[in-house]
Amino acid sequence: MKVSFSEIFDVVEGSINPKVPVTYNGSGLNPGQSFALDETVMGVDFSQYTNGYLEVIKEDGIYNIQSFY
């Protein structure tokens, strides 16, 4: 399913924080595990997608990111 970045992540004061558990490329993040906007996490610079969309598969409350738009 296609969801907006803001449905899954909060961007506050230069940091990105997952709202829900997420996985990508075999790595995962949970709520409370914030990281800087310019930091590469799970092999991705998430700051490029803050106004975009994510293709995800939701399984057992975990959002598995498939691709970025």
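The values are calculated or read from the model by the stated rules, or taken from the named source; none is laboratory data. Just so it is clear, the structure is predicted and the values come from calculations on it, not from any experiment. Ideal geometry is used to build each Cβ from the backbone, glycine not excepted, and the neighbour counts take in all protein chains shown. With ligands, DNA and RNA removed, areas are computed over all heavy atoms of the protein, side chains included. Shrake-Rupley method; radii C 1.70, N 1.55, O 1.52, S 1.80 Å.
Descriptive notes on the structure:
- For the chain, the equivalent ellipsoid derived from the Cα gyration tensor has semi-axes of 17, 13, 11 Å, listed largest first.
- Taking every protein chain into account, the accessible area of the chain amounts to 58 square angstrom per residue (probe 1.4 Å).
- Portion, in percent, of the accessible area of segment 1-48 that falls on carbon or sulfur, probe 1.4 Å: 43
- Net charge dipole size for the chain [Lys, Arg +1 and Asp, Glu -1 on Cβ; Debye, nearest 20]: 160
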